[in-house]
Amino acid sequence: MITVLVFLPLLMAAIAGLGGRLIGHTAAKALTTGGLFVSAALAWTIFTGFWLNGAAGYTVPVLDWIESGGLVVNWALKVDTLTAVMLVVVTSVSALVHLYSWGYMAEDPSQSRFFAYLSLFTFAMLMLVTADNLVQMFFGWEGVGLASYLLIGFWYTKPSANAAAIKAFVVNRVGDFGFSLGIFATFLVFGTVSIDAILAAVPQHAGQTFSFLGGQVDVMTCLCLLLFVGACGKSAQLGLHTWLPDAMEGPTPVSALIHAATMVTAGVFMVCRLSPMFEASDTAQAVVCVLGACTALFAATVGMVQNDIKRVIAYSTCSQLGYMFFAAGAGAYGAAMFHLFTHAFFKALLFLGAGSVIHAMHHEQDMRFYGGLRRHIPITFWMMTIGTLALTGFFFTAGYYSKDAILEAAFASGTSHGMFAFAVGAVVAALTSFYSWRLVFLTFFGQPRWAGSEHISHAAHHGDHHGDHHGHHGHDDPTAGYHPHESPVSMLIPLFVLGVGALLAGFVWHEQFVGAEGGAAFWRGSLAFDAHLMHAMHEVPAWVVHTPAVAFFLGLGLAWHVFLNRPSIPKWWQREVPGLYQFLLRKWYFDELYNAIFVRPALWFGRQFWTRGDQQTIDRFGPNGAADVVVAGAATLRRFQSGYVYSYALVMLVGLAAAAAWMMR
């Protein structure tokens, strides 16, 4: 079952990618989508076995892969509760994204290639989450990096998409370098790359140190921090986060698949999979916790001022990933996975809902040109409202259970970094509510503000299928004849399914993920589960329990006042506090800083090596120089080719004389 689940997407990707022109777009879409729904059904079957029947974990060998000296790497598929949770997340969201793409990408001329890339990405992600050893995990890790590069740059004729794909690839290489160093160092310490063998041997190496630059460094701290660098790259944590917002240049289904539920959660999964290692280092846990909290705060502040609907949701993803990491850093790995699980439903719902809005608004993504859309696309409005309620933690939605569990666990941990994370998390909860409802109010409420949009003006003037062919093109308002319409059924069905998950996932599974009693039985040792911390969560003061609800209503009330009651406030704020506004709008100037420190010097060095090293040195004295010598010699010899016999005789005579002189010396 697990073998079919994992390799079926790869088979479908190969058929659609290599034979797409032969079988046609419809067949390619049907094969890849059908294959993913089969994999999703198998994933839910496996998950149900762990959830209801308490199934034991197992490993399915695939082949003997690498054997070199003491390094033995066998390709095997590891299945336990942690894997089962990720299988459900990856295959369910991917299957729904495939179905959604039938409508969203209907007019694209390269549909077969797009669906092949989607399935290839899914296979790589499945390889990552079923990895039995660190090398196999790295294979899947790099596979999702490659597939994300292809998907982000899918519209390769668009310069901004190419730049975003390259940026994502390069930034992730920085994190992957740290991850690879962590794997090398882990093999050096443990003598194996098998995850089970490594985790079993952690107690033997806890507390060991090594000398470095005249000081003693804790072995487990070093290993965990190196591995965490890789997690920071994949999961867009502060410092290596800059690729995530730019990745919104890819098609919206890509944003939902990669940046809502799957690839960006790979770092969280890796930390939870290796949680016994992180438990052996208080320093590593503190770093994970603090950096996660800082990432959550950074992304939330930036998300408040973004105008692109997809970028708001992208920064929300970055912020929620920060929540997951500071939960892991506080020792609540079950809570981190719980939020990963629920977040997959409501964030995929928000991304696909945003795609439905963009589809209705003729590919306009600036929320300043929306307004009043709830009357035109009511299904999308209600689905995005459900996603927003879950994201902001409204009572009994999925986010209510998982976000509350994280904040309570951070407070109950009793550590200084846990208390810091709780305080930051409470502030971020209010900011999340503010920018999330800002998105809803700007998009679906108020008066239509379509007149300033070039995309919609173009659609209205040309009377295309998104507009009204009998419009009022003679009016002063060029968009008067434009009427947004609801998305096709293939795009709405995934919204309904994800909406159900966003409402019910927390209520149904909170006891299994974070319950003091049910949690230990559910996880069955697949991650470090601290039952004492879970008990302590239920004993925190009442004000801690009510903090997320207070944050929800504060953010909602402020957003209502600013964007519906007093819509002049945003412009006043931009005018009165321009420095702070620009600081947030320019994303804390990280891109400008990296451009000055890394990009420009790298380009300067590249130009120097190219012009001075390659052109003026290597080419000048190498192939070009040799060619110039031949050309000059040929030009000289050409002068002796006069065609006169006496000239040739003279040359022969001089040659004979020279030879005779040489012999007689």
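The values are calculated or read from the model by the stated rules, or taken from the named source; none is laboratory data. Fair warning: this is a prediction, and the values are worked out from it, not measured in the lab. Cβ: placed from backbone, ideal geometry, glycine included. Neighbour counts: every protein chain shown. Surface accessibility is based on the protein's heavy atoms, side chains included, excluding ligands, DNA and RNA. Shrake-Rupley method; radii C 1.70, N 1.55, O 1.52, S 1.80 Å.
Among all positions in segment 57-64, there is no residue which is in a helix (DSSP H, G or I), more than 20 Å from S110 (Cα to Cα) and open to solvent by 60 Å² or more (accessible area, probe 1.4 Å). Applying the condition of being exposed (fewer than 13 other Cβ atoms within 10 Å of the Cβ) and of a type outside the set (S, T, N, Q) to segment 201-216 and asking which residue is farthest from the chain's Cα centre (by Cα) yields G214.
Check V550, V562 and return the single one that is in contact with a Pro (Cβ under 9 Å, 6 or more places away or on another chain), in a helix (DSSP H, G or I), over 15 Å from A332 (Cβ atoms) and at pLDDT 90 or above. Of the residues listed, the single one that is in contact with a Pro (Cβ under 9 Å, 6 or more places away or on another chain), in a helix (DSSP H, G or I), over 15 Å from A332 (Cβ atoms) and at pLDDT 90 or above is V562.
Among the candidates L603, L593, L504, L580, which residue alone is surrounded by 14 or more Cβ atoms within 10 Å (Cβ to Cβ) and part of a helix (DSSP H, G or I)?
L504
Would segment 639-649 turn up any residue that is outside any helix (DSSP H, G or I), open to solvent by 80 Å² or more (accessible area, probe 1.4 Å) and among the polar types (S, T, N, Q)? Yes; the residues of segment 639-649 include at least one that is outside any helix (DSSP H, G or I), open to solvent by 80 Å² or more (accessible area, probe 1.4 Å) and among the polar types (S, T, N, Q).
As a summary of the residue check, G182 satisfies the conditions (1) open to solvent by 40 Å² or more (accessible area, probe 1.4 Å); (2) out of contact with any Cys (no Cβ under 6 Å at 6 or more places or on another chain) except for the one numbered (1).
Taking (1) open to solvent by 10 Å² or more (accessible area, probe 1.4 Å); (2) assigned to a helix (DSSP H, G or I); (3) in contact (Cβ under 8 Å) with a residue 12 or more places away in the chain; (4) within 30 Å of A516 (Cβ to Cβ) in turn, F434 satisfies each apart from (4). Among what's in segment 133-172 and is open to solvent by 10 Å² or more (accessible area, probe 1.4 Å) and within 30 Å of T209 (Cβ to Cβ), pick the residue that is farthest from the chain's Cα centre (by Cα). For segment 133-172, the residue satisfying everything is V135. Of everything in segment 193-204 that is out of contact with any helix residue (DSSP H, G or I) (no Cβ under 6 Å at 6 or more places or on another chain) and in contact (Cβ under 8 Å) with a residue 12 or more places away in the chain, the residue that is farthest from G233 (Cα to Cα) is P203. For segment 517-536, a residue qualifies if it is in a helix (DSSP H, G or I), open to solvent by 30 Å² or more (accessible area, probe 1.4 Å) and within 18 Å of F278 (Cα to Cα), and the qualifying residues are A531, H532. Among the residues of segment 515-558, just one is more than 22 Å from G425 (Cα to Cα) and among the polar types (S, T, N, Q), namely S526.
The one condition from (1) in contact with a Gly (Cβ under 9 Å, 6 or more places away or on another chain); (2) farther than 25 Å from Q237 by Cβ; (3) touching a residue at least 40 places away in the same chain (Cβ under 8 Å) that D176 does not meet is (2).
Among the residues of this structure, A360 counts as one that is open to solvent by less than 10 Å² (accessible area, probe 1.4 Å) and aliphatic (A, V, I, L, M).
Residues in segment 219-231 that are open to solvent by 10 Å² or more (accessible area, probe 1.4 Å) and out of contact with any His (no Cβ under 8 Å at 6 or more places or on another chain): T221, C222, L225, L226, V229. Only a single item in (1) assigned to a helix (DSSP H, G or I); (2) modelled with pLDDT of 90 or more; (3) surrounded by 17 or more Cβ atoms within 10 Å (Cβ to Cβ) is not met by T192, and it is number (1).
The residues on offer are A426, A398, and the sole one that is open to solvent by less than 10 Å² (accessible area, probe 1.4 Å) and in contact (Cβ under 8 Å) with a residue 40 or more places away in the chain is A398.
All conditions in (1) without any contact (Cβ under 8 Å) to a residue 60 or more places away in the chain; (2) surrounded by fewer than 20 Cβ atoms within 10 Å (Cβ to Cβ) hold for A124, with the sole exception of (2). If you check G322, G331 for being buried (at least 24 other Cβ atoms within 10 Å of the Cβ), touching a helix residue (DSSP H, G or I) at 6+ places or on another chain (Cβ under 7 Å), outside any helix (DSSP H, G or I) and touching a residue at least 12 places away in the same chain (Cβ under 8 Å), only one passes: G331. Annotation note: of I379, I386, I456, I406, the sole residue that is part of a helix (DSSP H, G or I), surrounded by fewer than 20 Cβ atoms within 10 Å (Cβ to Cβ) and not small (G, A, S) is I379.
If I filter segment 229-248 for residues that are under 30 Å from M491 (Cβ atoms), basic (K, R) and touching a residue at least 24 places away in the same chain (Cβ under 8 Å), do I get at least one hit? Checked against the condition, which is being under 30 Å from M491 (Cβ atoms), basic (K, R) and touching a residue at least 24 places away in the same chain (Cβ under 8 Å), segment 229-248 yields at least one hit.
Residues in segment 25-55 that are free of Cβ contacts under 8 Å to residues at least 24 places away in the same chain and surrounded by 13 or more Cβ atoms within 10 Å (Cβ to Cβ): 7 in all.
Being among the polar types (S, T, N, Q), more than 18 Å from T48 (Cα to Cα) and touching a Ser or Thr at 6+ places or on another chain (Cβ under 7 Å) is a property that S526 lacks.
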